[in-house]
2 protein chains.
Amino acid sequence: MVNGLAHAELIAVLVAVTDNDPRVMTVNAGDALPSGPFESEHRSLQSGLRVWIESQTKHPVGYLEQLYTFGDRDRTPSAEGVGGQARQISIGYLGLVREQDALGADRPQWRGWYDYFPWEDHRTARPEVLGELYARLHHWAQGDELRCQRINFLFGQNGMAWNEDLVLQRYELMFEAGLTENFIQSGVQGFGRVMTGDHRRILATGIARLRAKIKYHPVVFELMPDCFTLLQLQRTVEALSGLPLHKPNFRRQISQQELIEETGEMSGDMRGRPAKLFRYRNDIVEARALTSVRLPVSR
Amino acid sequence: MVNGLAHAELIAVLVAVTDNDPRVMTVNAGDALPSGPFESEHRSLQSGLRVWIESQTKHPVGYLEQLYTFGDRDRTPSAEGVGGQARQISIGYLGLVREQDALGADRPQWRGWYDYFPWEDHRTARPEVLGELYARLHHWAQGDELRCQRINFLFGQNGMAWNEDLVLQRYELMFEAGLTENFIQSGVQGFGRVMTGDHRRILATGIARLRAKIKYHPVVFELMPDCFTLLQLQRTVEALSGLPLHKPNFRRQISQQELIEETGEMSGDMRGRPAKLFRYRNDIVEARALTSVRLPVSR
DNA sequence: TTTCTTAATTCTCACTTTGAGTACATTTTC
DNA sequence: GAAAATGTACTCAAAGTGAGAATTAAGAAA
């Protein structure tokens, strides 16, 4: 028995926002996330994945961050055959691609991520699925107090506010309740598109990470074109977070962070008053831009 | 050539706070973090590590979280021999152990983490090392504007505030500047204790993660005994963050979150007025307790 | 031209959260 | 009993946030 030997695979959640909708790169007609073996000639995991993605997709990847390493035994039921001894380990990455670089984003590999998680898009209204979802979850809960509290908390019911960050927890609750892949494949509508293995869970991990990250780190700009209006920026953040934002307050928040500057040009193509164009300030020191959560420090 | 085959190793940053000092579990007289091969009989990475840690250390691990997966080629220069083909992949975990369970915390495996990062402890004063550290960093920077900005930002110089979260970035800057392992082993004092390979970097990753996490997730309580006073809690947070906290404001912040409740008992062993004892409320729903960063949501 | 529509941009104001410090209470130690 | 040490409760100004009104600038319709 070879201890510690495993098949290592890299798997990417590649995100772009086009037409105000967040999209994710898929393979097999939307059935899986792109992945490949970790080849040992690469210098590091990160650079290995970058090279591999760029050769596969032709899209330059601006931002790349490790998500999570998945290694549960029962993840991929079909993975038994790979050698008998060695386990499968998948290292997930989150990558961001600029709209302008994602040309061909209409090509079928790019799928709107709300196709997979329809209950996560609260931009215009509470998604309709939530009604049936609540019903089925509560049916599963069978009156168990803790389960009910968890449902209410995660899905913003019963006076609790919807928290957009809890994508993964919501998916995992649904998984526990038997409302994911097998259930959907039995023909139920509205609970999202399925993926192979645990790819949808990895996607949920990526969405959750990105939603949390945009709040304290200026990664949104990795998804924006060089020049953009404040409304375009707002629409992008809305697309990612799945929430409608308050325009004046959004613009106040952005401008006081001093992360962007006017280009001097105006956008002309739209209806209504033309908007100023902005660009991300690239004279910002690396990590400078974090809205830190504060402890009550003394002195 | 076997593609995708790798040696997988689990590596743990196990933290406990005793005597108001954060400590980390080590092996080899403080030279390395505990680690071991990922054995394929485990159900998942997480459970594998938990079993392994608890059998090795006899400490129950309350909280366990994946940190990062390290796989750079040049990480461990000595790891060439392991088989010629397969790469080494290390999956790092952060684990928290309660003070009461870390009895024997005086045993030499538990080391104060500021032994490894003396410049990170700002509880009583700016650490003295910072003077020499600045000097050496600026000497390395050689006037390069970007490098200087980065130094000032990371080390809170030149009007910038010290940010306790940037542990990893600071370590990596020092690494770039050649102020880590080899440098220290050449006999320089005050730049911290070294570890084998990149273990000190993994420790920095763990500290950084924990410092960030305590601000929006109630993980501190995983380090506290069942009953504690508010000052004990404050001292623990101070120990982890390396900052002195404002007592009245800290207690206000804690009490309005309603995460703890009075036990009704009082602490008796200390000098001065006895303090109320509190316990963590275990009727809190799992994730309920997060101080979320807000976007300017509309409606 | 005038008016309507759409969107950009600026301001206001109440309310909440923080930073910082003060005052007072209750115990042990000298 | 006074001093020292700690616990606990307030106060108050400054900063930050949520919600919305008001104003400006363009094209389109009447």
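The values are calculated or read from the model by the stated rules, or taken from the named source; none is laboratory data. All figures in this text were calculated on a predicted structure; none of them were measured in a lab. Neighbour counts run over all protein chains shown; Cβ positions are idealised from the backbone, glycine included. Protein only, heavy atoms only, side chains kept; ligands, DNA and RNA dropped before computing areas. Shrake-Rupley method; radii C 1.70, N 1.55, O 1.52, S 1.80 Å.
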Counting only residues in the stretch A:162-188 that are of a type in the set (S, T, N, Q) and open to solvent by 70 Å² or more (accessible area, probe 1.4 Å), the one farthest from A:Leu210 (Cα to Cα) is identified as A:Ser186
Can you tell me which condition A:Arg200 does not meet? The list is (1) under 17 Å from the mean Cα position of the chain (by Cα); (2) within 16 Å of DNA strand C (Cβ to nearest atom), and all the others hold. (2)
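Under the condition of being of a type in the set (Gly, Ala, Ser) and more than 10 Å from chain B (Cβ to nearest Cβ), which residue from the stretch A:137-176 is nearest to A:Glu120 (Cα to Cα)? Show your work before the answer.
Applying the first criterion (of a type in the set (Gly, Ala, Ser)) to the stretch A:137-176 yields A:141, A:143, A:156, A:159, A:161.
Remaining after also requiring more than 10 Å from chain B (Cβ to nearest Cβ): A:141, A:143, A:156, A:159.
On the way: A:Ala141: 21, A:Gly143: 25, A:Gly156: 12, A:Gly159: 18 Å.
Restricting to residues being of a type in the set (Gly, Ala, Ser) and more than 10 Å from chain B (Cβ to nearest Cβ), the top hit is A:Gly156.
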Check whether at least one residue in the stretch B:218-234 is under 30 Å from B:Asn182 (Cβ atoms), more than 16 Å from DNA strand C (Cβ to nearest atom) and at pLDDT 90 or above, and report yes or no. no
Among (1) at pLDDT 85 or above; (2) closer than 25 Å to B:Gly36 by Cβ, there is one condition A:Thr26 misses while meeting the rest; what is its number? (2)
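Determine which member of the set A:Arg75, A:Arg50 is modelled with pLDDT under 90 and outside any helix (DSSP H, G or I). Working first, answer last.
Numbers: A:Arg50 fails: outside any helix (DSSP H, G or I).
Every option except A:Arg75 fails the conditions.
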Can you tell me which residues in the stretch A:247-283 are within 12 Å of chain B (Cβ to nearest Cβ), open to solvent by 70 Å² or more (accessible area, probe 1.4 Å), more than 8 Å from DNA strand C (Cβ to nearest atom) and within 25 Å of the chain's Cα centre (by Cα)? A:Asn282
When you check A:Gln46 against the structure, is it open to solvent by 20 Å² or more (accessible area, probe 1.4 Å) and more than 18 Å from A:Ser90 (Cα to Cα), yes or no? no
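Please go through the stretch B:136-161 and give me each residue that is in contact (Cβ under 8 Å) with a residue 40 or more places away in the chain and open to solvent by less than 40 Å² (accessible area, probe 1.4 Å), ordered by number.
Within the stretch B:136-161, just B:Leu137 meets the criteria.
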Please work out which residue is modelled with the lowest pLDDT, limiting yourself to the stretch A:53-72 and to residues that are facing chain B (nearest Cβ under 10 Å) and in a loop (DSSP other than H, G, I, E, B). A:Asp72
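Within the stretch A:30-55, how many residues turn out to be within 19 Å of the chain's Cα centre (by Cα) and of a type in the set (Gly, Ala, Ser)? Break it down stepwise before answering.
Start the filter on the stretch A:30-55 by keeping residues that are within 19 Å of the chain's Cα centre (by Cα), which leaves A:30-35, A:46, A:49-50, A:53.
Subset that is of a type in the set (Gly, Ala, Ser): A:30, A:32, A:35.
Of the residues in the stretch A:30-55, 3 are within 19 Å of the chain's Cα centre (by Cα) and of a type in the set (Gly, Ala, Ser).
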All positions within the stretch B:227-283 that are on the phi > 0 side of the Ramachandran plot and away from DNA strand D (no atom under 11 Å from the Cβ): B:Gly242, B:Glu258, B:Gly264
Starting from residues that are away from chain B (no Cβ under 13 Å) and under 23 Å from A:Leu168 (Cβ atoms), keep the ones in the stretch A:219-246 and report whichever is surrounded by the most Cβ atoms within 10 Å (Cβ to Cβ). A:Leu223
Which one of these does B:Ala102 not meet: (1) modelled with pLDDT under 90; (2) crowded, with 16+ Cβ neighbours inside 10 Å; (3) within 14 Å of another protein chain (Cβ to nearest Cβ)? (3)
